[in-house]
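Enquirer: Pasting a structure here, questions to come.
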Amino acid sequence: MKKDLSYLLAKKQNHQKIVALTAYDYPTALLEDKTGVDIIFVGDSVGTNILGYDSEQEVTVDDIAHHLKAVRRGVSQAYILGDLPYNSYETPEQALDNAKKLLAHGADIVKLEGVREKVIKHLIDHDIKVCGHLGLLPQTQQQKRVQGKTFEQAKTIIEDAIALEKLGISMLVLELIPEELGQIVTEKLSIPTIGIGSGRFTDGQVLIVNDILGITPRKLKLAKTYQDYQTLTAQAIQKYKEDVEQNLFPTEENVWHMAEEELKHLR
Ligand code: KIV
Ligand code: NA
């Protein structure tokens, strides 16, 4: 069964957690889908995590589309979210063109950061599903500092969340805000909230797959590392290198032979 917005909404209403995770390639998407991840994010986090960019600002719509295509091929059930990257939704028209491109390449919904009323309204008027993003906005805030810790800041985030829901967004990502604020926003909205570094009470959680697997070498308070990809992969590559250098690979098991009959004419 293909998961859709009503499935995700029912999870919120039944107090079942929504599981979201990023993926940028076919084999990872295949595994996430098989495991039952509800929403696969093809985020602009692809830039710093996969493409070696210095910042999210370098990510283009073509980058997202390219990775969306790969992810889409691996998915049969999960709902797929594509990020509209920095500078790709400056005007309602530009946003619509780019959102259509992401949908054409496999996204079910597009996400954009902040309260961009005219842009969001234009997308929704054209039947495009939109996910909001409040709290830390990586496309415009390079400093990864917790947002909404003061009364005034928290009040703004709550008001923005309510405004976004009124505009018609289908879900909301909350990034790097205090747990209490994550809970308040989640209770005030009828659409699902997906948190990253925003506490235990959002309707769902999302993490960057590199962080849960230990692909990107860093320790983040907001994440949990379930596998040491760096060490395991370095060991595997080292072993392969040694095997080739010491003629331990390939072995008899890995090769094909010719019949003696054919061979004798060649020698
Ligand atoms: O870019 C991304 O992957 C994201 C999520 C982690 C929220 O925006
Ligand atoms: Na993002």
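Enquirer: For segment 26-39, give me each residue that is within 16 Å of ligand 1 (Cβ to nearest atom) and assigned to a loop (DSSP other than H, G, I, E, B).
Expert: The answer is V37, D38.
Enquirer: So in segment 36-47, with the set limited to residues that are in contact (Cβ under 8 Å) with a residue 40 or more places away in the chain and of a type outside the set (D, E), which one is farthest from ligand 2 (Cβ to nearest atom)?
Expert: Going through segment 36-47, the residues in contact (Cβ under 8 Å) with a residue 40 or more places away in the chain turn out to be 36-45.
The next check asks that each one be of a type outside the set (D, E); those that pass are 36-37, 39-43, 45.
On the way: G36: 23, V37: 17, I39: 13, I40: 13, F41: 8, V42: 9, G43: 4, S45: 5 Å.
Here the residue is G36.
Enquirer: Turning to a different aspect of this structure: Looking at V59, V42, V46, can you tell me which residue is within 11 Å of ligand 1 (Cβ to nearest atom), closer than 16 Å to C131 by Cα and under 14 Å from the mean Cα position of the chain (by Cα)?
Expert: Unique residue meeting the criteria: V42.
Enquirer: Moving on to the next point. Taking segment 121-150 only, how many residues are outside any helix (DSSP H, G or I), more than 16 Å from ligand 2 (Cβ to nearest atom) and surrounded by 15 or more Cβ atoms within 10 Å (Cβ to Cβ)?
Expert: Residues meeting the conditions: 4.
Enquirer: Still on this structure, I have one more. Looking at I80, I64, which is the one that is more than 17 Å from D211 (Cβ to Cβ) and either in a strand (DSSP E or B) or in contact with a Cys (Cβ under 6 Å, 6 or more places away or on another chain) (or both)?
Expert: On the way: I64 fails: either in a strand (DSSP E or B) or in contact with a Cys (Cβ under 6 Å, 6 or more places away or on another chain) (or both).
Step by step, each of I80, I64 is checked, and only I80 is more than 17 Å from D211 (Cβ to Cβ) and either in a strand (DSSP E or B) or in contact with a Cys (Cβ under 6 Å, 6 or more places away or on another chain) (or both).
Enquirer: Being within 16 Å of V173 (Cα to Cα) and β-branched (V, I, T) is the filter here; which residues of segment 1-36 pass it?
Expert: Within segment 1-36, I18, V19, T22 qualify.
Enquirer: Regarding segment 241-253, can at least one residue be identified that is at pLDDT 95 or above, touching a Pro at 6+ places or on another chain (Cβ under 8 Å) and surrounded by 11 or more Cβ atoms within 10 Å (Cβ to Cβ)?
Expert: No, segment 241-253 contains no residue that is at pLDDT 95 or above, touching a Pro at 6+ places or on another chain (Cβ under 8 Å) and surrounded by 11 or more Cβ atoms within 10 Å (Cβ to Cβ).
Enquirer: So K155 clears everything in (1) within 16 Å of ligand 1 (Cβ to nearest atom); (2) surrounded by fewer than 14 Cβ atoms within 10 Å (Cβ to Cβ); (3) part of a helix (DSSP H, G or I) except one condition, right? Which one?
Expert: Only one criterion in (1) within 16 Å of ligand 1 (Cβ to nearest atom); (2) surrounded by fewer than 14 Cβ atoms within 10 Å (Cβ to Cβ); (3) part of a helix (DSSP H, G or I) is unmet by K155, namely (1).
Enquirer: With respect to E179, is the statement that it is more than 22 Å from F41 (Cβ to Cβ), surrounded by fewer than 23 Cβ atoms within 10 Å (Cβ to Cβ), of a type in the set (D, E, K, R) and without any contact (Cβ under 8 Å) to a residue 60 or more places away in the chain true?
Expert: no
The values are calculated or read from the model by the stated rules, or taken from the named source; none is laboratory data. This structure is a prediction, so every number in the text was calculated from the model and none was measured. With ideal geometry, Cβ positions are generated from the backbone for all residues, glycine too; neighbour counts draw on all protein chains shown.
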